[in-house]
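The values are calculated or read from the model by the stated rules, or taken from the named source; none is laboratory data. Treat the numbers as computed from the prediction; the structure is a model and nothing was measured. Here Cβ is always computed from backbone atoms with ideal geometry, including for glycine, and neighbour counts include all displayed protein chains. Surface accessibility is based on the protein's heavy atoms, side chains included, excluding ligands, DNA and RNA. Shrake-Rupley method; radii C 1.70, N 1.55, O 1.52, S 1.80 Å.
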Amino acid sequence: MEDELTDRDRAVLALEARYWRAPGAKEAAIREQLGLAPARYYQLLNGLLDRSAALAHDPVLVHRLRRLREQRRARR
């Protein structure tokens, strides 16, 4: 199926679902765990939010992130 999530897609969603206490901890985890620059990570995450497979995988997270994205867009 074309819209199936890859292991990397699921890892991006899992990392985004975590709670980060220390400043910079999330960016460090992005680099260490995924081997991505933070900017690339956010590009991938933004693309995932529009995919039905991501919504099926973690609907609560995807709905929350879509809502936050729309709030940011509305403020611009």
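Data table
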read-out: Neighbour cut-off at most 12 other Cβ (10 Å), DSSP loop, GluC sites (Glu not before Pro), the stretch 1-36; value: 2, 4
read-out: Accessible carbon and sulfur surface of the chain relative to its total accessible area, %, 1.4 Å; value: 51 percent
read-out: Contact order relative to length of the chain, as percent, for alpha carbon pairs under 8 angstrom and 6 or more apart; value: 31 percent
read-out: Heavy-atom surface of the chain, accessible at 1.4 Å and reported per residue (Å²); value: 70 Å²
read-out: Entry for semi-axes √(5λ) of the Cα gyration tensor in Å (calculated from the structure that is shown) out of [x] 19, 17, 11; [y] 32, 13, 8; [z] 45, 12, 7; value: [x]
read-out: Listed residues 65, 14, 47: farthest to the positive end of the dipole of the chain (Cβ charges); value: 65
